[in-house]
Every structure is written in C-alpha cells, then in structure tokens.
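Colleague: One structure coming up, written as structure tokens, with questions to follow.
Coordinate-derived values only; no laboratory data. Keep in mind the model is a prediction, meaning the values are calculated, not measured. Glycine gets a Cβ as well: all are built from the backbone with ideal geometry, and neighbour counts include every protein chain shown.
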Amino acid sequence: MVKVAVCGAAGGIGQPLSLLLKQSDLITHLALFDVVNAPGVAADLSHINTRSKVTGHGKESMDEALSGAHTVIIPAGVPRKPGMTRDDLFKINAGIIRDLAEGVAKNCPGAFVLVISNPVNSTVPIVCEVLKKHGVFNPKKVFGISTLDVVRSSRFASEINPAIDPKSTRVTVIGGHSGVTIVPILSQIPGQSFSKEQLEILTQRIQYGGDEVVKAKDGAGSATLSMAHAGARFATAVLEAAVTGKSGLVESTYVNLAADADATAAFRARTGLDYFAQDVEFGHEGVKRILPLPAISVFEQALLDEAIPELKVNIAKGTSFISDSAKI
Ligand SMILES: NC(=O)c1ccc[n+]([C@@H]2O[C@H](COP(=O)([O-])OP(=O)(O)OC[C@H]3O[C@@H](n4cnc5c(N)ncnc54)[C@H](O)[C@@H]3O)[C@@H](O)[C@H]2O)c1
C-alpha cells in the first residue's frame, strides 16, 4: 500500500499535480485534502482508469486524509500576486504549514514530507521543527521542492544554446528557493560555452522566473502547471527510490543538512547553515546521501556568498515561528 496525500489538492498546483500523480503505478491510494472542493476533484480524478483509489477529504477530515500516508505533498496556502516576494507569503502560509505538519506528526509520523508551499526556505524549517517537537523528526524524509528552478534552468539554457537538450540536461541548483538564494550551476552543463553576459542574463532569469508567470497571470496566481510538472517529477523520483528500490536517482532539493551529517559537516561549519538545496541521491529511507558541492565558477561563488546571509534569515524565521510559539 502506498498512500500519497496531497494537501491543497484543489488549488492551482494541487489539481494538475494530482492529475499527474494519478498516472503513477507506484501509488495505490491518492488522498486529496483541501479546505474547499476536495471531494469534487477526487470524484473527477477517480474515473481515470489507473491503479490508484482516489479519495477526497474536506476541511474537517485532515486526519482521515493523512492517516497512514506513505508520502505527503504540500501545495496548500496562498500564491503570490504581482509585486509580492515569496517571503511576503510567510504570514499566511506559516500557520497553514504548521497545522499540516502537526497533522503529519499525529497521523503518519514516518511519512515523507514534500513541501511546495512558499516561502520554501522557511516552510521546510517549520515542518522540521514541528516534527522535532513531537519527537518524530527524520531529516532524511523532509524535502523542499525546488525542482521548478531545475526545470527552468535547463529550459532557459536551451533557449540561449539550442544544442542543449532541455529534457535530458539536468542542471544542479543549489542554495534555496527564492530570488538570490537560487544559485544555478550553469558552468557544469556539459558542452556549454555561455558568454559572461549570457550567464548573467540566464542566472537572473532563473532566479526571478517565477515573477514572469506572476506578472503574466496578472493577479490570478503564480506558476501552477510547470510547478505541477516539477512536483510530480520530484515525487516520482522519491517514490521510485523508496518503493521500487531504484538506485542512482538524483535531484536538487532543499533539505535539513542533518540528513547526511558527515558529508555536510565541513560545509555547515563553514557557512553556519542547517538547511540548503543541493543534489541529493534518494534511497529507501529518503535521502541516501547529499552529494558533494559541484565545482563552481568564480561567478557562482559570488552568487553563493550573496545567498548565504539571506538563507540564514529565512531559516531563522521558520525555526523561530515554532520555537517562539512554544515559549508562549
Ligand atoms: N516550490 C515552488 O517552486 C512553488 C512554485 C509555485 C508556487 N508555489 C507555492 O505553492 C503554494 C500553492 O500555490 P497555488 O498556486 O496552488 O495556490 P492556490 O491558491 O491556487 O491553491 C492553494 C490551495 O490550498 C488550499 N488551502 C489553503 N489552506 C489550506 C489548509 N489549511 N489545508 C489544506 N488546504 C489549504 C486552498 O483552498 C487552495 O485550494 C503557494 O504557497 C505558492 O507560493 C511553490
């Protein structure tokens, strides 16, 4: 039995993500939870002739949706409007994520938790702190989905250099998932020969790619379809490794570095960061290993130097949201 719960399943990301997950033979039960319209989305998807059973769970049924889940994917919350940063969403989304993490601790404490809701740099620490509070935290099992930055990197790179195949080229993106914390390692794309100017334009476009969508949607939300694609790609990799034992699956993802304490000890000592996006190989228990940082150019080192202080602030904001409320 592989039960996957999607929290925020009736939203702009939740619906197409659930549609893509319904195609997966790895999933036997897709439980859709949302405070609005989950039963309707579930009824619709349940007619698709694939293996999984689909159930819908409304506002009062979070426990039922999460009970016994193998994996919980969270795109619940509010998206950005033009002029907003991801950090502006913290006020509303932090509480939503905290409550869902409480639900995970109570109903499926061993589940993989895949966080989409922004600001990811802070919402992942919130989930980890809640699970710690309940004594059920396993850093190998909590992930911030930054795959959309990876997807955008190879697509945008291929627009500048058509010799790059966007589908088969995987660009490592380190740091975090917002603005300057997004550090794409374009120097490691095989065969690339970008000029300095192209690198600057490309990096800026990847860091602020989400703004292109927010602006084009003009108040109607942020990336949903490309995010659903990225989320399904990430969830499939995690599930394939965990359920079928497939090896060698690697994605960049934002994790608590205790997931591979030995491999990250020197980096943590040097930067003071407890969370970071980096290439991770998946295994039966989630994080099998965090790969060493790739070789990076002088340009990319400067980006990383700019990302680190911003990440620290984002992480502290998420962590203290839980630790400060515990003191009250
Ligand atoms: N990680 C990424 O790369 C990435 C990319 C795009 C968007 N996002 C983020 O994903 C989130 C969702 O975006 P969207 O466009 O789908 O928004 P949306 O408003 O279309 O959908 C969000 C859904 O969450 C539901 N919801 C709200 N509170 C809930 C709760 N307590 N429990 C369960 N469900 C709840 C809403 O009813 C809604 O259906 C936003 O925070 C957005 O910033 C992340």
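Colleague: Compute the Rg to Rh ratio over the stretch 74-115 from the alpha carbon atoms, using the Kirkwood formula for Rh, and round to two decimal places.
Modeller: Result for the stretch 74-115 is an Rg/Rh of 1.07.
Colleague: Treat every Asp and Glu Cβ in the stretch 3-145 as -1 and every Lys and Arg Cβ as +1, leave all other atoms uncharged, and give the resulting dipole magnitude about the Cα centre to the nearest 20 debye.
Modeller: With Lys and Arg at +1 and Asp and Glu at -1, about 280 debye.
Colleague: Cut-off 10 angstrom, C-alpha nodes, Gaussian network model of the chain. Which of 101, 316, 295 fluctuates the most?
Modeller: 295
Colleague: In addition: Please compute, over every Cα-Cα pair in the stretch 3-145, the percentage with a separation greater than 22 angstrom.
Modeller: 34 percent
Colleague: Out of all DSSP beta bridges with both ends in the chain, state the antiparallel percent to the nearest 5.
Modeller: 45 percent
Colleague: Order of 139-146, 259-266 by packing, highest average Cβ count within 10 Å first?
Modeller: Descending mean neighbour count gives 139-146, 259-266.
Colleague: Rounded to whole Å and sorted largest first, list the principal axis extents of the Cα atoms in the chain.
Modeller: 53, 46, 42
Colleague: Quick check for me: using +1 on Lys/Arg Cβ and -1 on Asp/Glu Cβ, what's the dipole size of the chain about its Cα centre, in debye to the nearest 20?
Modeller: 400 debye
Colleague: Please report, in whole Å, how far the alpha carbons of the stretch 1-56 spread along each principal axis, starting with the longest.
Modeller: Projected onto its principal axes, the Cα set of the stretch 1-56 covers 26, 18, 16 Å.
Colleague: Can you show me the helix-derived [θ] at 222 nm for the chain, built from DSSP H runs with n ≥ 4 at -39,500 (n - 2.57) apiece and divided by the number of residues, rounded to the nearest 500.
Modeller: Calculated at 222 nm, the ellipticity per residue is -14000 deg cm²/dmol.
Colleague: Top mean-square fluctuation among 15, 278, 204, Gaussian network model of the chain, C-alpha springs under 10 Å?
Modeller: Result: 204 has the largest fluctuation of those listed.
Colleague: Considering the convex hull of the alpha carbon atoms of the stretch 146-328, report its projected area averaged over all viewing directions, in nm², one decimal.
Modeller: Orientation-averaged projected area of the Cα hull: 12.5 nm².
Colleague: Compute the angle between helix 298-327 and the longest alpha-carbon principal axis of the chain, please, reported from 0 to 90 degrees and rounded to the nearest 10.
Modeller: Tilt of helix 298-327: around 30 degrees.
Colleague: Can you tell me what the convex hull of the Cα atoms of the stretch 224-276 projects to on average, as an area in nm²?
Modeller: If I average the Cα hull's projected area over directions, I get 4.7 nm².
Colleague: Any idea what angle helix 261-271 forms with the longest principal axis of the chain, computed on alpha-carbon atoms, 0 to 90 degrees, nearest 10?
Modeller: That works out to roughly 60 degrees.
Colleague: Now, a different point. Sort 46-53, 31-38, 89-96 by the packing proxy (mean of other Cβ within 10 Å over each peptide's residues), most packed first.
Modeller: 31-38, 89-96, 46-53
Colleague: Let me ask something additional. If you fit an axis through the alpha-carbon atoms of helix 147-160 and take the longest principal axis of the Cα set of the chain, what angle between them do you get, 0 to 90°, nearest 10?
Modeller: Helix 147-160 sits roughly 40 degrees off the main axis of the chain.
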